[in-house]
1. Need the failing condition index for Ala81 against (1) under 17 Å from the mean Cα position of the chain (by Cα); (2) in a loop (DSSP other than H, G, I, E, B); (3) modelled with pLDDT under 95, just the number.
2. Name the single residue, out of those in region 71-86 being of a type in the set (Val, Ile, Thr) and surrounded by 13 or more Cβ atoms within 10 Å (Cβ to Cβ), that is nearest to Val139 (Cα to Cα).
3. For region 126-141, does any single residue satisfy the condition of being assigned to a loop (DSSP other than H, G, I, E, B), over 21 Å from Asp29 (Cα atoms) and modelled with pLDDT of 90 or more?
4. Considering region 111-124 alone, what residues qualify as being touching a residue at least 24 places away in the same chain (Cβ under 8 Å) and either within 11 Å of Asn83 (Cβ to Cβ) or in a loop (DSSP other than H, G, I, E, B) (or both)?
5. Pull up region 114-129, narrow it to residues that are touching a strand residue (DSSP E or B) at 6+ places or on another chain (Cβ under 6 Å) and acidic (Asp, Glu), then point me to the one that is nearest to Ser142 (Cα to Cα).
6. Could you look through region 1-26, keep only residues that are among the hydrophobic types (A, V, I, L, M, F, W, C) and farther than 16 Å from Phe137 by Cβ, and pick out the one that is modelled with the highest pLDDT?
7. Tally up the residues in region 44-78 that are among the polar types (S, T, N, Q) and at pLDDT below 90, please.
Amino acid sequence: MAVGIDLTLDCTDAQLLSEFWKLALGYVDEPPPAPFTTREEWLAQFDLPEDDSEDGAAWLCDPDGSGPRLSILTVPEPKTAKNRLHIDIRVPGHGSPEERWARIRAESERLVKAGGSVREEFDGHHIVMADPEGNEFCVAASSV
């Protein structure tokens, strides 16, 4: 049996990044685990330090349940190097190479408007981007 995975992204502003990644992935805020009705109730059980708050983290999920959960956590230290693991955002891969590249470019432009930035383009194949805090990800076409 395969295991499930979550992805965790460290950052300095969890709320800023959660808004970006919800837009980028089409994800939604994950509800708190049962029987809790709010994240605040759920967090209260962990005896967290007083300066920890619900704003210091965000939990996102794929509304269809097929993608991994994304946890976004505020940490005190800044990002200092290239990610060792990154997210690939895949646009539909059907059509001609020109049509696929046009969809990749359009998605990249949409994410720039949302606060992302382009780092490097590999013409016809993929675009390396960064989220508002500099975490790298790629935009490419799916293989199907």
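1. (1)
2. Step one: of region 71-86, the residues of a type in the set (Val, Ile, Thr) are 72, 74-75, 80.
Filter once more, keeping what is surrounded by 13 or more Cβ atoms within 10 Å (Cβ to Cβ): 72, 74.
Values: Ile72: 20, Thr74: 25 Å.
Result: Ile72.
3. yes
4. Residues satisfying the conditions are Ala114, Gly115, Gly116, Gly124.
5. Just the residues of region 114-129 that are touching a strand residue (DSSP E or B) at 6+ places or on another chain (Cβ under 6 Å), to begin with: 116-121, 126-129.
Next cut, acidic (Asp, Glu) only: 120-121.
On the way: Glu120: 19, Glu121: 17 Å.
The selected residue is Glu121.
6. Pass one, region 1-26, residues among the hydrophobic types (A, V, I, L, M, F, W, C): 1-3, 5, 7, 9, 11, 14, 16-17, 20-21, 23-25.
So of that shortlist, the ones also farther than 16 Å from Phe137 by Cβ come out as 1-3, 5, 14.
Working: Met1: 67, Ala2: 76, Val3: 82, Ile5: 88, Ala14: 94.
Taking the candidates together, the pick is Ala14.
7. 2
Results for (1) polar (S, T, N, Q); (2) more than 20 Å from Val118 (Cβ to Cβ), shown as yes or no for each residue.
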residue	(1), (2)
Trp59	no, yes
Asp64	no, yes
Arg69	no, yes
Leu73	no, yes
Glu77	no, yes
Thr80	yes, yes
Asn83	yes, no
Ile89	no, no
Ala102	no, no
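The values are calculated or read from the model by the stated rules, or taken from the named source; none is laboratory data. Just so it is clear, the model here is predicted, and its values are computed rather than measured. Note: ideal-geometry Cβ built from the backbone for every residue, glycine included; neighbour counts use all protein chains shown.
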